[in-house]
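Everything below concerns the one structure shown next.
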Amino acid sequence: PRPVVVYYWLPGDNDESDHPNAYEVMPTGGGVKLRDIRARFPLPGLYHFRFRMRWETGLVWMDVTNEDSAVPLCDDRIFAKVLRVSWNAQHGQRAPAGQQQQAQAQQMPAQQPPAHAAAAARAEP
């Protein structure tokens with residue numbers, strides 16, 4: 001199989017949906033699953049993922065919380081709106097149910113990264 005590009009944006013970081021970030025994942029049997037998305041997500045922390053999909057005559061955001069679920073495609077692409085739950089969680093870790101519900105209920109304001117993350121971000125060209 002060929003790698004699949006995942007396009008994403010973080011509204012809480014003032015990213016723009018018209019200029020998304022991107023990374024690649026390798027699909028497994030049955031398509032790209034949430035666990036694949038989470039395992040390759042390039043930022044540290046704990047995140048909640050919503051995926052754009054077509055529904056009837058419009059577009060909607062599908063919250064996917066089951067790690068074994070295939071994520072929906074929209075126009076043959078994976079496009080995610082990603083909400084940061086915490087800067088402090090281990091990479092690839094899943095949010096506890098209460099934190100997922102909080103992220104779903106509101107768009108979280110931008111949080112300040114821990115000092116080591118901010119220093120690393122400034123060090124990159």
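The values are calculated or read from the model by the stated rules, or taken from the named source; none is laboratory data. Just so we're clear, the structure is a prediction, and the values are computed from it rather than from any experiment. All Cβ positions, glycine included, derive from the backbone under ideal geometry; neighbour counts span all protein chains shown. What goes into the accessible areas is simple: the full protein's heavy atoms, side chains included, and nothing from ligands, DNA or RNA. Shrake-Rupley method; radii C 1.70, N 1.55, O 1.52, S 1.80 Å.
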D68 neighbourhood, Cβ < 9 Å, K/R = +1, D/E = -1, net charge +1
Computed over the stretch 1-91, protein heavy atoms only, probe 1.4 angstrom, the accessible area per residue in square angstrom equals 56 Å²
Output for the stretch 27-60: trypsin sites (Lys or Arg not before Pro) sitting in coil per DSSP, at most 16 other Cβ within 10 Å, listed by number, reads none
Rounded to the nearest 5, the percent of antiparallel DSSP beta bridges in the stretch 1-88 equals 85 percent
The long-range amide H neighbours of S86, using H built 1.01 Å from N in the peptide plane and a cut-off of under 5 Å, are L46
